[in-house]
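Here's the structure we're looking at; comments come further down.
The values are calculated or read from the model by the stated rules, or taken from the named source; none is laboratory data. These numbers come from a predicted model, not from an experiment. All Cβ positions, glycine included, derive from the backbone under ideal geometry; neighbour counts span all protein chains shown.
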Amino acid sequence: MSEAVLAVEAPGVSAPGASGARQFWRRLRTQRAALVAAVVVALLVLVALAAPLLTAIEGQDPTTYHPSLVDSARGGVPIGSFGGVSAEHWLGVEPQTGRDLFARLVYGARVSLGVALAATVVQVVIGVVVGVAAALGNQWVDQLLSRITDVIVAMPLMIMSLALLAIVPSSFPRPVLVALVIGLIAWGNIAKIVRAQTLTLKELDYVSAARLSGWGSWRVARRELLPGIAAPVITYAALLVPTNITVEAALSFLGVGVKPPTPSWGQMLTAADVWYQAAPQYLLLPAGALFVTVLALTVLGDGVRTALDPRAASRLRVGTGRKREAKA
């Protein structure tokens, strides 16, 4: 079939290509909150990637103990003001061990962001494959995959994660294990979204024309359907990342996530629950980092959703115009 027939654009679905990318960036630039969130996320990623360089500049590392910097007579409280803040230890030291807090915080960003992003990739890959296969398969395939998806959605994420992480040998790399467990348990919702979107797109003229031309199901999916479902998948994935960061922190807080001495924000919070009075910065620093990261990613995800959905932007403009007319 000719490309002209196959390029018929579905209502409400932006055609992929350079023009679509330009429209996306133009809409995203109009949202100041999303731009600020994007800058914050970029800085967090940069800090995580540059953790070895930053700690080398400080002259510390996240695992070395400094017993001389804590007061053993008081139970291990850091010596000095603000938890031992100094030129050698920019954010102070950890109670009892004397490990450098700045080094553990920036290395913890690598673990928390890395686990969340890896888990999101696993969720998206499984969800897209299952959703597209269910929509393109026959009735039996659709029913089977839909029932499996329903079971996955019904599973309590935290309970299943706790059970799986508790029985896996400790020799398995813990950050990789946490990412796999989260990804393998929480892909159901994105599979449902992809299935519903694919069922809608497969009835459109340009997809029907491609199928009538003799293309196989997977070629149709790769060339025609995947570009059409990219917007909702990207939107949902952007909102999954902060959720996965929270889940990783919760699992580490409960003691089944990332294990010491590997630093993690959730693990730092676990140890900080008994030190919040004697050394409050030990609790406030990882908690603040988690709050800022989750908030920035959530705002950015909402901005991506609005930029990828022209109908949402149109509704916003129409609503604003009506309010202005009412005020006039």
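Residues that are surrounded by 22 or more Cβ atoms within 10 Å (Cβ to Cβ) and hydrophobic (A, V, I, L, M, F, W, C) are absent from the stretch 140-163 altogether.
I need a count of the residues in the stretch 97-153 that are closer than 30 Å to Glu224 by Cα and among the charged types (D, E, K, R).
Taking the stretch 97-153 as the starting set, the residues that turn out to be closer than 30 Å to Glu224 by Cα are 116-153.
Remaining after also requiring among the charged types (D, E, K, R): 142, 147, 150.
Here the count works out to 3.
The residue of the stretch 164-193 that is modelled with the highest pLDDT, among those that are assigned to a loop (DSSP other than H, G, I, E, B) and within 18 Å of Thr243 (Cβ to Cβ), is Trp187. Among the residues of the stretch 127-154, those identified as touching a helix residue (DSSP H, G or I) at 6+ places or on another chain (Cβ under 7 Å) and closer than 22 Å to Asn244 by Cβ are Gly127, Val128, Val130, Gly131, Thr149, Ile152, Val153.
Of the helices (runs of 4 or more DSSP H) lying entirely inside the stretch 214-311, those containing at least 1 residues that are of a type in the set (D, E, K, R), crowded, with 16+ Cβ neighbours inside 10 Å and at pLDDT below 85 span 281-308. Applying the set (1) in contact (Cβ under 8 Å) with a residue 40 or more places away in the chain; (2) in contact with a Phe, Trp or Tyr (Cβ under 7 Å, 6 or more places away or on another chain) to Ile152 leaves exactly one unmet item: (1). Taking the stretch 187-206 as the range and being out of contact with any Phe, Trp or Tyr (no Cβ under 7 Å at 6 or more places or on another chain), of a type in the set (Val, Ile, Thr) and surrounded by 22 or more Cβ atoms within 10 Å (Cβ to Cβ) as the test, the residues that pass are Val194, Thr198. Contact annotation: residue pairs with Cβ atoms under 8 Å, 6 or more positions apart or on different chains, pairing a residue in the stretch 282-310 that is more than 14 Å from Leu35 (Cα to Cα) with a partner that is charged (D, E, K, R) and crowded, with 22+ Cβ neighbours inside 10 Å, are Tyr282/Glu94.
Annotation: of all residues in the stretch 92-137 being surrounded by fewer than 21 Cβ atoms within 10 Å (Cβ to Cβ), within 11 Å of the chain's Cα centre (by Cα) and closer than 22 Å to Pro261 by Cβ, the one that is modelled with the highest pLDDT is Ala118.
Within the stretch 21-40, is there a residue that is at pLDDT below 90, under 20 Å from Leu295 (Cβ atoms) and surrounded by 14 or more Cβ atoms within 10 Å (Cβ to Cβ)? Yes, the stretch 21-40 has at least one match. Scanning the stretch 256-281 for residues that are small (Gly, Ala, Ser) and within 30 Å of Ala33 (Cα to Cα) turns up Ser264, Gly266. When restricted to residues that are farther than 13 Å from Trp275 by Cα and in contact (Cβ under 8 Å) with a residue 60 or more places away in the chain, the stretch 86-102 contains 3.
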